Amino acid sequence: MSEVTCVPYLIRWAAPPRSAAKCAPFPHGGGPAIRQMSLRIAIAAISLIAAVLSMFVRTAAASEGEEEARLLKDAQATFSPLPHDFATHEFPVTPERVELGRQLFFDPRVSVDGTSSCARCHQAALYATDALVQSHGARNKVLLRNAPTVLNTALQFKQQWAGEFENVEAQATHALNAPGLGNPDAATALARINAIPGYVEQFRAAFPDQPDPITAENYGKAVGAYERTLVIPSRFDAYLRGNTDALSQDEQHGLRLFLETGCADCHNGAGIGGSEFEKFGVFADFRKQIGGNPDDQGRFGVTKDPTDKDVFKVPSLRNVAMTAPYFHTGTVAHLETAVRVMARVQLDKTLSDDEAKAIVAFLRSLTGTRPAGFETAPMLPAGFVPYK
Ligand code: HEC
Ligand code: HEC
């Protein structure tokens, strides 16, 4: 009977029994001895529990570490960090060309009515977009598609939504007399540039071997050289270089989902996209989800090949969190919606709320810091060019 009463005392060693006598199985001095013994047992038990726990924690940490390392390896096999610039042998990034190109990019006097420049639709404050569904050009003409960013664009294998141009130089040469700047032809635009003496000198310096350097091609080369310096690395580049702390656990989870869901089948490489054409609407008609102009059939407009109907360039997703609204239609306001549309029409998958949010968290890690030379508009050479 007394032994039974004492069991709680053995366990509750730390709290001295209110009536040791009532409980003591060894009435003469047995109490303290038992207390000491139970203390040892308890310490041993606690150490054992602690050891087992730390083993668990260590195993969990090890497998978490392994999981992180595996994810990094998968990511490194699929994506790559940005290079220092996008210069090539054919298109060097010389200081003279870059500075001239930067000025031309910001100069509204090149446009037919003096109201439009590249920077009108590729605004520094908006990560080189205009935050419009469809851009407005000179004389407020509404363009056909949404304006993509020009940050990192030179790394893409083709330019524009349907890959209309081989490189940024060809795109800029074309833009000189496209509706954005509104010039009826290249000659009109070049005459406007020629009317500003500062540019005449700068073209000579940028293209020193040419007697008459103000040409549409050189305009494209100068603007293109500037665009080839617009390299905007993000935390994801630090991650790809091996610093797993550069992405939070949520972002890493999103990256894992991005890979496992199949997004990276199309959006891969240094641009997280920008390296291939794909049909938009592999499993479902995208227009039913996001609307859009049925006459814009993407790549078909370039090649006239029926298999190219609704084929578009897989765009780079760098800075995508900053460039709403989305798609060539500009009809989707939120990135999470764009991610769901992609899963649905490209992969026939329905994402849960948590999955869509995690992927968006990963996409946010692709936002880089805008370069200083882009944030501030340059001083432009003096001169007035009458507009039509
Ligand atoms: C009126 C607005 C507007 C102006 C002005 C404008 N752009 Fe754009 N830009 C757009 C739109 C819209 C697109 C998408 C065109 C398409 O795909 O059909 C685009 C596409 C581009 C692209 C392709 C990006 C990619 O991801 O493929 C580049 C590069 C570019 N513009 C550079 C320029 C340059 C350089 C100038 C000045 C010479 C310029 N833009 C002037 C609106 C404009
Ligand atoms: C089969 C190829 C393919 C797959 C798979 C794919 N995409 Fe795309 N993605 C495209 C194409 C093509 C476009 C351009 C659509 C257009 O013309 O507007 C695009 C556009 C996007 C855009 C809009 C970008 C912008 O600047 O407006 C986002 C965001 C995007 N994809 C994210 C994802 C995500 C997230 C996944 C996985 C759930 C995914 N994509 C899977 C081909 C693909």
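The values are calculated or read from the model by the stated rules, or taken from the named source; none is laboratory data. Everything quoted here is computed from the prediction, not taken from an experiment. Here the Cβ positions follow ideal geometry from the backbone for every residue, glycine too, while neighbour counts run over all protein chains shown.
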(request) Residue by residue through segment 294-315, note down the ones that are closer than 12 Å to Trp161 by Cβ and not aromatic (Phe, Trp, Tyr). (result) Asp296, Gln297, Gly298, Arg299, Gly301, Val302, Asp310, Val311, Lys313, Val314, Pro315
(message) So Gly330 passes all but one of these: (1) away from ligand 2 (no atom under 11 Å from the Cβ); (2) outside any helix (DSSP H, G or I); (3) not hydroxyl-bearing (Ser, Thr, Tyr). Which condition number does it fail?
(response) (1)
(request) Identify the single condition in (1) at pLDDT 95 or above; (2) in contact with a helix residue (DSSP H, G or I) (Cβ under 6 Å, 6 or more places away or on another chain) that Asn177 does not satisfy, given that it satisfies every other one. (result) (1)
(request) Inspect segment 301-312 for any residue being of a type outside the set (Val, Ile, Thr), surrounded by 19 or more Cβ atoms within 10 Å (Cβ to Cβ) and either out of contact with any Lys or Arg (no Cβ under 8 Å at 6 or more places or on another chain) or farther than 25 Å from Leu144 by Cα (or both) and give the result as yes or no. (result) no
(request) Give the number of residues within segment 273-309 that are near ligand 2 (Cβ under 9 Å from one of its atoms), closer than 30 Å to Lys73 by Cβ and touching a Ser or Thr at 6+ places or on another chain (Cβ under 9 Å). (result) 1
(message) Give me the helices (runs of 4 or more DSSP H) completely within segment 161-265, filtered to those with at least 3 residues that are crowded, with 22+ Cβ neighbours inside 10 Å and within 31 Å of the chain's Cα centre (by Cα), ordered by residue number.
(response) 168-175, 216-227, 249-261
(message) I'd like to verify a number: residues in segment 110-134 that are part of a helix (DSSP H, G or I) and within 16 Å of ligand 2 (Cβ to nearest atom), how many?
(response) 2
(request) Identify the residue in segment 339-367 that is small (Gly, Ala, Ser) and over 22 Å from Arg235 (Cα atoms) and, among all such residues, is surrounded by the fewest Cβ atoms within 10 Å (Cβ to Cβ). (result) Ser352
